[in-house]
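None of the figures in this text is laboratory data; all of them are computed from the coordinates on show. Because the structure is a prediction, the values reported are computed rather than measured. We place every Cβ from the backbone using ideal geometry, glycine too, and count neighbours over all the protein chains shown.
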């Protein structure tokens, strides 16, 4: 909370005095107002009654344009729905729901980072529009206000209405495929080399339980790998310091997604955090969110995990 109450009052006053609609002249509008100004000057200098009649007509035309544009956007209801999962550097689809319960709305432009042209919305019908957005880095984002513009009806003005929204979004690290290393048994000490290796992984053999299979893309085909020692009890991924943090988090996301798709119970441990074991969508989201918000990776403090679960060190 700010220690300067005058600053908060100043911001509140600014919000209060801000006009409810944005307004700007289009290119055609500038020509129109230039012509109107010229006619007014000539009429005042000459006193020609016909020119005053033309001025009245132009002013009426301008007033009708302002009223029609206001009615076009006045009762709009706009909602935004970020995707449930979005990964850094990968496009995610954002949905926008727009409705006008009073009348038809035409010639709209929705601005929210990108722009969506909307030809028209029928009265009382909720229309859904889509836009792809890419977030460059993992972490927490706050999607702010949305604005709708219209040049209806005559294209003289560009009137806008702002919808104040704050939609938090957590962007997960982009998955990075791991090169599995060799296993040295159930102690959790893998025999893989380099930061891209994981422990307790071997080639698939007929008869292995489906819950222990992890599928991995490799070139144009698929290669199946089996996590040893899981026995259906679940797997825990332990993150250790060293190497590139972003690459390590991407590899962790890759493993979590594969475990979740295979129906395994899984968990993750780093620093003093342990997610517990689970296989639900909410558990997967919680694990990925923890990875997305990780700032520093130190030595893991928790080493006692549920009995029978398989521990993978990365």
Ratio Rg/Rh [Cα only; Rh per Kirkwood] for the stretch 72-120: 1.06
How big is the gap, in Å, between the Cα center of the stretch 66-86 and the Cα center of the stretch 100-134? 6
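Once the piece of chain linking residue 304 and residue 290 is laid out straight, how much longer is it, given 0.36 nm per residue of separation minus the C-alpha distance between them?
3.1 nm
Sorted by average packing, counted as other Cβ atoms within 10 angstrom per residue and highest first, what order do 303-310, 151-158 take?
Ranking the peptides 303-310, 151-158 by packing returns 151-158, 303-310.
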Spin-label model distance (nm) - residue 67 vs residue 154, 7 Å beyond Cα toward Cβ: 1.3
Using r as the Cβ-Cβ distance of residue 279 and residue 85, and R0 as 22 Å, what FRET efficiency do you calculate, to the nearest 0.05? 0.85
By how many nm would the segment from residue 115 to residue 140 lengthen if fully extended, with 0.36 nm per residue of separation less the alpha-carbon distance? 6.7 nm
First measure r as the distance between the Cβ atoms of residue 25 and residue 127, then evaluate 1/(1 + (r/R0)^6) with R0 = 25 Å and state the FRET efficiency to the nearest 0.05. 0.30
